[in-house]
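What follows draws every value from the coordinates through simple rules; no lab data is involved. Because the structure is a prediction, the values reported are computed rather than measured. Ideal geometry is used to build each Cβ from the backbone, glycine not excepted, and the neighbour counts take in all protein chains shown.
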Amino acid sequence: MPHAQQAIEQYIRAKDGNRPHLLAQAFTAEAILDMVVRTGSISFPGHVEGRTAIGEVLVSRFGQAFENVYTFCLDTPPPADASSFQCKWLVAMSDKQSGEARVGCGFYDWQFNPQSRLTEHLTITIEHMKTLPARDVSAIMAWASRLDYPWCSREAVVGGMPDLEALREVVQFVATPELQ
């Protein structure tokens, strides 16, 4: 039987690799996604119902716009039988059209079905999404590709992050241990 950690990892593999078929191993068919976006630099619908619709928003459309996607959960994995799990996340990616780098962070709040252990409700809060010039993509990708994937410590993220003024708020958010 799948468990919470596997559901989270399959979601990340689906989103980062543009593989919507993997969502069947991450979400129940009736799953609900809520998005709380606290930045104007990226947009998502606030509420999505059903695994197919979630795949369209978080994988297919996302994959049309972004590449070189690395998503990290900034915590240790949940226990196999977890009914819920909260953690901070960080993403690094590049925009297919402009070539710009994007680095964002926020919170995941997962609720798992007790029988299947698949996700039945996910709330994604986007606190920051920074856009950096295309000249910074190689530094961002070199850093992201060296991090443990997809579970990474906050210290490792902050310790190796390129020293760019545009990332100051991301560093502050990631370095703060509390879930807010």
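Scaled against the 2.2 N^0.38 Å expected of a compact globular protein of N residues, the Cα radius of gyration of the chain reads 0.97.
If neighbour count is taken as other Cβ atoms inside 10 Å, put Asp163, Asp16, Asp81, Asp34 in order from fewest to most. Before the final figure, lay out each step's value.
Numbers: Asp163 8, Asp16 21, Asp81 11, Asp34 15.
Starting with the residue having the fewest Cβ neighbours, the order is Asp163, Asp81, Asp34, Asp16.
Between the beta carbons of Ala80 and Gln172, assuming R0 = 41 Å, the FRET efficiency works out to 0.80 to the nearest 0.05.
All Cα-Cα distances of the stretch 1-101, cut into 10 Å bins from zero to the largest, leave 14, 45, 35, 5, 0 percent in each bin in turn.
Using Cβ counts within 10 Å as a stand-in for footprinting exposure, how do Cys73, Cys87 rank, fewest first? All intermediate terms of the calculation are to be shown ahead of the outcome.
Working: Cys73 23, Cys87 18.
By the 10 Å Cβ count, ascending, the order reads Cys87, Cys73.
Comparing Cα centroids, the stretch 46-61 and the stretch 105-173 end up 20 angstrom apart. Taking Ser153, Ser138, Ser83 as the candidate residues, the one with maximal mean-square fluctuation in a Gaussian network model of the chain, Cα springs under 10 Å, is Ser138. Summary of packing: across the peptides 119-127, 53-61, the per-residue average of other C-beta atoms within 10 Å ranks them, highest first, as 119-127, 53-61. Relative to the longest principal axis of the Cα atoms of the chain, the long axis of helix 4-17 makes an angle of roughly 50 degrees. Amide hydrogen proximity for Val36: with H placed 1.01 Å from N in the peptide plane, the residues at 5 or more positions away or on another chain lying under 5 Å are Ile124, Thr125, Ile126.
Cβ crowding within 10 Å ranks Lys96, Lys15 as Lys96, Lys15, fewest other Cβ atoms first. Think of each Lys and Arg Cβ as +1 and each Asp and Glu Cβ as -1; about the Cα centre, that makes the dipole of the stretch 4-175 roughly 280 debye. Based on the Kirkwood approach, the hydrodynamic radius assigned to the stretch 43-114 is 14.0 Å, with every pair of different Cα atoms included. Relative to the longest principal axis of the Cα atoms of the chain, helix 137-146 runs at roughly 50 degrees. Diffusion coefficient (Stokes-Einstein, Kirkwood radius over C-alpha pairs, 20 °C, 1.002 mPa s) for the stretch 80-150: 154 µm²/s, rounded to a whole number.
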